[in-house]
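First up is the structure itself, then whatever we jot down about it.
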Amino acid sequence: MSLFKRLLNPKGKSEEKVKGSEHSRYFPEEKLPIDERFTYNFNRNGGKFLYCENMEEILEAFDNILLENDWYERDVFCLDENLSSRFDGFNLNFTKNTNSTFFLSNCESLVSNNGSILLCSKQIKEKKLHELPANFVIFGTTSQLVENISEGLRKIKSVNTRHIPSNITTIQDFESNKEKDFMSYGSSTKNLYLLLLEDL
């Protein structure tokens, strides 16, 4: 069953299994591939997902985000000079001021099992999520997909063998009207767009 059919009809898969004689209803559900799981969980959290096959599509999607939100000629909080030069040419003012219209960043990992985005001090320095702008545009790649947070932390540790970043956090709450539970207490809600580049 395709991802889109599953999103539109979540009961369909279990009904098919009961009808089919191959599996009993007590048989564990087949696990979705890591990219489909991330997409499903990320969308369920309220994130806006834009899949792109090349940098031309990334720049076009970024332009559409600016157009949709009227973010041209605005201040953009961006700490990565490579990223600000990559997205230069949209008449934006790249700054290190957190009182900007939106935050442009890359990420460490895209966590499949809960649809969250793993950030560390490389992206946000020592800032806390509530200190950052309410709007995020994150640039990620398919090679950054990981199964869970533990795998993402192992990746950070393997890259930073000498100095492990002191500020590591995840963001997974992208809808302000979403009902909060105990696990999301204290988390900051962000309006988040993910520009995902296929690099595998």
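The values are calculated or read from the model by the stated rules, or taken from the named source; none is laboratory data. Bear in mind that the values here come from a model prediction, so they are computed numbers and not experimental data. Methodologically, a virtual Cβ is constructed for each residue, glycine included, from the backbone with ideal geometry; neighbour enumeration extends over all protein chains shown.
Values for this structure:
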quantity	calculated
Unique match (being modelled with pLDDT of 95 or more and farther than 20 Å from Gln144 by Cβ) among Asn54, Asn64	Asn64
Ser166 vs. criteria assigned to a helix (DSSP H, G or I), modelled with pLDDT under 95, small (Gly, Ala, Ser) and in the same structural domain as Asn114 (by TED's automatic domain parsing)	no
Condition met for Asn82 (in a loop (DSSP other than H, G, I, E, B) and either closer than 19 Å to Met55 by Cα or assigned by TED's automatic domain parsing to the domain that holds Pro165 (or both))	no
Answer residue from the stretch 37-76, given it is within 21 Å of Ser116 (Cα to Cα) and not in a helix (DSSP H, G or I) and is farthest from the chain's Cα centre (by Cα) among those	Cys52
Hits in the stretch 85-102 (condition: part of a strand (DSSP E or B) and in contact with a helix residue (DSSP H, G or I) (Cβ under 9 Å, 6 or more places away or on another chain))	Phe94, Phe102
Lone qualifier among Val137, Val146 - being modelled with pLDDT of 95 or more, over 21 Å from Phe77 (Cα atoms) and of a type in the set (A, V, I, L, M)	Val146
Residues located in the stretch 103-117, provided they are in contact with a Cys (Cβ under 6 Å, 6 or more places away or on another chain) and not in a loop (DSSP other than H, G, I, E, B)	Leu104, Ile117
Filter result for Asp35 (out of contact with any Lys or Arg (no Cβ under 8 Å at 6 or more places or on another chain) and either outside the structural domain of Leu145 (by TED's automatic domain parsing) or surrounded by 14 or more Cβ atoms within 10 Å (Cβ to Cβ) (or both))	yes
Search result, residues across the stretch 183-200 that are modelled with pLDDT under 65 and either in a loop (DSSP other than H, G, I, E, B) or exposed (fewer than 13 other Cβ atoms within 10 Å of the Cβ) (or both)	Met183, Tyr185, Gly186, Ser187
